[in-house]
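Q: Structure in structure tokens, see below.
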Amino acid sequence: MKIVRYEDPSGNIQYGEKREGAVYRIEGDLFGAMTPTDEAADVGRLLAPVDPEIILCIGLNYKFHAEESGAPIPKFPVLFIKGRNALQHPGAPIEIPTFLASEEVDYECELAVVIGKPCKNATVENALDYVLGYTCANDVSARDWQKKMGGGQWCRGKTFDTFAPMGPCLVTADAIPDPNDLEIGTTLNGEVVQDWNTRDMIFNVREIIAFLSGSTTLLPGTVILTGTPHGVGMARTPPLWLKSGDEISVEIEGIGRLSNPVVNEGEK
Ligand code: MG
């Protein structure tokens, strides 16, 4: 099932099921009982399909991306966190920071995993039982603050407002039996800049969930960003940075396309 979250014209947040090109209202919500109806949804504004409890992110999780970043292949998953403030909705702008200014804002297409029930000490074998579904994410990254001015920590450069767009829908886990066999890519102003497959993750989705849930409860609504393949802007010659007026899209097989315009902070 493809689930969208939206605001209706009265400002109420609702869920809907996307089927045959239309959206039908769902009774209930993502983490309780969900009952699809045949009532046409009155979608005012599409929202990110989940309001995350926390956004856990894995870095350097594709071999060629680790190489293009000049980093060794990690022996354990590399973890960092984005704040909920960074969430952005499909079609809503990514803002280039101008107050704490960045000159080097980059894109990263990522498969996002949404945890559906409390998950602690999962095993590689049962890890996918905890997954509610999957969506597309863009791990937008200010490389100057991530690399040079972040004190060796990645969070400063990765958790600016609007730096975690997600959507356009959540595809339930039953519809994606193997999350590590999906085409994934990015287009910038219509030009393909990333084009790869999730089978090349260094740590697959099962291993990531087992690792993150070790002695640690992943609450329902935890979103896990699983890393990006090669082709990011910082690794290009010359580097390719996002700028106001751009349109950036992340697309994953079986999920759909997440598109966001780019503006400078404070612009509409
Ligand atoms: Mg990333």
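The values are calculated or read from the model by the stated rules, or taken from the named source; none is laboratory data. Note that the coordinates shown come from a computational prediction; the quantities given were computed from them, not determined experimentally. So basically every Cβ, Gly included, is an ideal-geometry build from the backbone, and we count neighbours across all protein chains shown.
Q: Condition test on Thr187, is it among the hydroxyl-bearing types (Ser, Thr, Tyr), modelled with pLDDT of 95 or more and assigned to a strand (DSSP E or B)?
A: Yes; evaluated as a whole, the condition is true for this residue.
Q: Which residue pairs have Cβ atoms under 7 Å apart, sit 6 or more places apart or on different chains, and have a first residue in segment 189-201 that is touching a residue at least 60 places away in the same chain (Cβ under 8 Å) and assigned by TED's automatic domain parsing to the domain that holds Gly245 and a second that is of a type in the set (D, E, K, R) and surrounded by fewer than 20 Cβ atoms within 10 Å (Cβ to Cβ)?
A: Thr198/Asp181; Asp200/Lys63
Q: Okay, next question. So in segment 228-259, with the set limited to residues that are in a loop (DSSP other than H, G, I, E, B) and of a type in the set (S, T, N, Q), which one is farthest from the ligand (Cβ to nearest atom)?
A: By that ranking, first place goes to Ser244.
Q: Among the residues that make up segment 201-209, is at least one of them within 16 Å of the ligand (Cβ to nearest atom) and either under 17 Å from Ile54 (Cβ atoms) or in a helix (DSSP H, G or I) (or both)?
A: Taking every residue of segment 201-209 in turn, at least one turns out to be within 16 Å of the ligand (Cβ to nearest atom) and either under 17 Å from Ile54 (Cβ atoms) or in a helix (DSSP H, G or I) (or both).
Q: What strands (runs of 3 or more DSSP E), lying completely within segment 22-125, carry at least 3 residues that are more than 16 Å from the ligand (Cβ to nearest atom)?
A: Ranges flagged: 22-28, 34-40, 45-47.
Q: If you don't mind, there's one more thing I want to ask. Surrounded by fewer than 20 Cβ atoms within 10 Å (Cβ to Cβ) and closer than 21 Å to Gly133 by Cβ - does that describe any residue in segment 226-248?
A: no
Q: Here's a follow-up. Hey, could you check segment 210-221 for residues that are more than 17 Å from the chain's Cα centre (by Cα) and assigned to a loop (DSSP other than H, G, I, E, B) and say which is surrounded by the most Cβ atoms within 10 Å (Cβ to Cβ)?
A: Ser213
Q: Which of the residues that make up segment 145-174 are touching a Gly at 6+ places or on another chain (Cβ under 7 Å), more than 15 Å from the ligand (Cβ to nearest atom) and not β-branched (Val, Ile, Thr)?
A: Those that are touching a Gly at 6+ places or on another chain (Cβ under 7 Å), more than 15 Å from the ligand (Cβ to nearest atom) and not β-branched (Val, Ile, Thr): Pro168, Cys169, Leu170, Ala173.
Q: Continuing with this model, one more query. Restricting the search to segment 31-82, which residues are surrounded by 13 or more Cβ atoms within 10 Å (Cβ to Cβ), more than 23 Å from Thr162 (Cα to Cα) and not assigned by TED's automatic domain parsing to the domain that holds Cys109?
A: Within segment 31-82, Phe31, Met34, Pro36, Ala41, Asp42 meet the criteria.
Q: For the structure I just gave you, tell me whether Gly151 is assigned by TED's automatic domain parsing to the domain that holds Arg257 and part of a loop (DSSP other than H, G, I, E, B).
A: It is true that Gly151 is assigned by TED's automatic domain parsing to the domain that holds Arg257 and part of a loop (DSSP other than H, G, I, E, B).
Q: Test each condition in (1) within 16 Å of the ligand (Cβ to nearest atom); (2) in contact with a Cys (Cβ under 6 Å, 6 or more places away or on another chain) for Tyr130 and report the one that comes out false.
A: Tyr130 satisfies every listed condition except (1).
Q: Of all residues in segment 125-155, which are farther than 22 Å from Pro229 by Cβ and buried (at least 16 other Cβ atoms within 10 Å of the Cβ)?
A: Selection gives Tyr130, Leu132, Asp144, Trp145, Gly150.
Q: Consider segment 155-177. How many of its residues are more than 12 Å from Gly254 (Cβ to Cβ) and β-branched (Val, Ile, Thr)?
A: 2
Q: Going through Asp174, Asp178 one at a time, which residue ends up being outside any loop (DSSP other than H, G, I, E, B), surrounded by fewer than 23 Cβ atoms within 10 Å (Cβ to Cβ) and out of contact with any Asp or Glu (no Cβ under 6 Å at 6 or more places or on another chain)?
A: That would be Asp174, the only listed residue that is outside any loop (DSSP other than H, G, I, E, B), surrounded by fewer than 23 Cβ atoms within 10 Å (Cβ to Cβ) and out of contact with any Asp or Glu (no Cβ under 6 Å at 6 or more places or on another chain).
Q: Which one of these does Tyr62 not meet: (1) farther than 25 Å from Pro220 by Cβ; (2) without any contact (Cβ under 8 Å) to a residue 12 or more places away in the chain?
A: Among (1) farther than 25 Å from Pro220 by Cβ; (2) without any contact (Cβ under 8 Å) to a residue 12 or more places away in the chain, the lone unmet condition for Tyr62 is (2).
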